[in-house]
Amino acid sequence: MSWRESGDRPDEALGRLAGFRRELYWCLGMRRDALFEVCDAAACRPERVLMLAELCLEPECRRGHGGVYDALDSGEVHVTRLRRALSSLPLPAWDDGRIRLAADVSNWLRPDAETSPERLFCHCYARGKGNAQLIPGWPYSLVAALEPGRTSWTLPLDAVRLGPEDDATEVTAAQLRDVVARIIAAGHWHEGDRDILVVLDAGYDLTRLAWLLDDLPLEVTGRLRSDRVMYFPAPPRAPGMNGRPSRHGAALRLGEPATWPDPAVTTRTETSRYGTAEARAWGRLHQQLARRAGWEDHEGELPVVEGTLIRLQVDHLPGQRDADPVWLWSSRASVTGDEVDRAWQAFLRRFDLEEGEPDCLHKRVRSSSSGFPSVSGLVLAS
């Protein structure tokens with residue numbers, strides 16, 4: 001965000017930038033000077049960095065390519081201090097005062113780096129609708145703060161590389177717990193403030209994530225697959241009935257409109273980018289859980305985690321005339337028009353993370369088979 005967008009005076013913005021650069025410098029350990037110059041060169045280069053040697057051509061880097069490789073191979077980063085420094089930066093200001101975070105997995109593809117440890121098969125979209133492929137690489141779990149307005153700027157707060165034994169939902173829950181703790185410690189959130197909103201795309205177990213983070217001031221909003229089945233609360237038990245009480249009510253099958261009752265709320269919003277956006281919402285819906293995957297070791301009866309189900313339909317998408325509807329589930333959104341609109345609009349802001357991912361993860365340096373970590377990999381990932 002520029003100083004004009006933030007509302008700061010130029011001297012205030014420059015002072016904040018100088019303070020962060022000073023803190024970044026002291027977040028580096030061995031090979032500190034060289035690493036700092038590499039960060040400057042990567043940030044100031046206007047084009048994508050395809051090889052590390054290119055950084056030596058930038059005026060901000062006074063090292064030869066041997067010094068750059070040595071700094072990235074042998075340098076040190078105090079990750080804990082860097083994470084605190086990032087969380088201490090002013091978070092993007094929204095009109096309602098609510099902090100909005102986004103979590104996603106970004107892949108650093110390493111198809112030719114056979115010696116790179118713990119590579120996984122990363123799901124990547126290819127050209128053409130519905131085409132996808134699996135490419136060896138390193139998946140990174142990212143958490144970033146989103147800004148209001150039409151912008152692809154994001155503030156990366158945390159990045160963790162996923163290993164073969166890691167559960168993406170558990171890793172994300174631990175990340176969000178740490179990020180929220182640092183946000184509170186930095187004074188960005190106080191008791192009585194509105195809950196922090198976290199938005200995610202499909203691929204996460206939203207119910208489990210909301211359950212794991214239930215003790216935090218967080219509201220989890222994410223996308224559901226269109227083949228999901230959600231359930232309303234169980235109806236009141238009639239007097240005199242015997243047997244175990246039912247825990248689930250009527251089923252709402254996302255792919256079967258005949259099972260949809262009248263929505264509790266319907267809103268229509270005119271947008272400049274998507275045309276008319278219609279949102280239908282149903283309150284107090286939950287997923288029926290089974291003892292497998294992340295719930296296999298759960299002690300006691302499986303929980304019933306209720307939330308708000310939202311069906312979002314827009315006229316068109318950029319570059320696509322027909323748009324399929326999107327199903328969202330929010331862990332704490334009440335069924336009011338303002339809350340429903342806030343939930344789906346926050347979800348659309350999540351795509352800023354995808355646009356900004358190359359800048360905050362792998363756009364800066366992408367080596368092919370050298371095995372050396374990237375600048376961002378050194379700076380953000382543990």
Self-check item: In segment 313-328, residue least open to solvent (accessible area, probe 1.4 Å) [restricted to those that are farther than 19 Å from GLN287 by Cβ and assigned to a strand (DSSP E or B)]
Solution: VAL314
Exercise. Collect the residues in segment 54-99 that are without any contact (Cβ under 8 Å) to a residue 24 or more places away in the chain and among the hydroxyl-bearing types (Ser, Thr, Tyr), keeping them in residue-number order.
Key: THR80
Exercise. Evaluate segment 111-125: report whether one residue or more is open to solvent by less than 40 Å² (accessible area, probe 1.4 Å), free of Cβ contacts under 8 Å to residues at least 60 places away in the same chain and under 25 Å from the mean Cα position of the chain (by Cα).
Key: yes
Quiz item: Given (1) open to solvent by 50 Å² or more (accessible area, probe 1.4 Å); (2) at pLDDT 90 or above; (3) hydrophobic (A, V, I, L, M, F, W, C), where does MET1 come up short, assuming only one miss?
Solution: (2)
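Okay, residues lined up against (1) part of a loop (DSSP other than H, G, I, E, B); (2) over 20 Å from LEU200 (Cβ atoms):
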| position | (1), (2) |
| --- | --- |
| LEU91 | yes, no |
| ASP95 | yes, yes |
| ALA113 | yes, yes |
| SER116 | yes, yes |
| CYS122 | no, no |
Quiz item: Among the residues of segment 170-207, how many are surrounded by 20 or more Cβ atoms within 10 Å (Cβ to Cβ) and touching a Pro at 6+ places or on another chain (Cβ under 9 Å)?
Solution: 3
Practice problem: With the condition kept exactly as written, say whether any residue in segment 240-259 is under 16 Å from ALA333 (Cα atoms), part of a loop (DSSP other than H, G, I, E, B) and at pLDDT 95 or above. | Solution: no
Quiz prompt | Residue count for segment 189-209, restricted to those that are touching a Ser or Thr at 6+ places or on another chain (Cβ under 8 Å) and under 22 Å from GLY97 (Cα atoms) | solution = 4
Practice problem: Count, please, the residues in segment 100-110 that happen to be closer than 14 Å to THR154 by Cα and without any contact (Cβ under 8 Å) to a residue 40 or more places away in the chain. | Solution: 0
Quiz item: Out of segment 225-239, which residues are modelled with pLDDT of 95 or more and either open to solvent by less than 40 Å² (accessible area, probe 1.4 Å) or more than 32 Å from the chain's Cα centre (by Cα) (or both)?
Solution: MET230
Quiz item: Can you tell me which residues in segment 254-305 are aliphatic (A, V, I, L, M), open to solvent by 30 Å² or more (accessible area, probe 1.4 Å) and touching a strand residue (DSSP E or B) at 6+ places or on another chain (Cβ under 6 Å)?
Solution: ALA264, VAL304
Self-check item: Test: LEU35 is modelled with pLDDT of 90 or more, under 30 Å from GLN345 (Cα atoms) and open to solvent by less than 40 Å² (accessible area, probe 1.4 Å)
Solution: no
Exercise. Kindly indicate which of ARG22, ARG62 is basic (Lys, Arg), open to solvent by 90 Å² or more (accessible area, probe 1.4 Å) and in a helix (DSSP H, G or I).
Key: ARG22
Quiz item: In segment 66-82, what residues are part of a helix (DSSP H, G or I) and either surrounded by 15 or more Cβ atoms within 10 Å (Cβ to Cβ) or among the basic types (Lys, Arg) (or both)?
Solution: GLY67, VAL68, TYR69, ASP70, ALA71, LEU72, VAL79, ARG81, LEU82
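The values are calculated or read from the model by the stated rules, or taken from the named source; none is laboratory data. Computed from a predicted structure; not experimentally measured. No Cβ is skipped: glycine too gets one built from the backbone with ideal geometry, and neighbour counts run over all protein chains shown. Areas reflect the complete protein model, heavy atoms only, side chains present, ligands, DNA and RNA absent. Shrake-Rupley method; radii C 1.70, N 1.55, O 1.52, S 1.80 Å.
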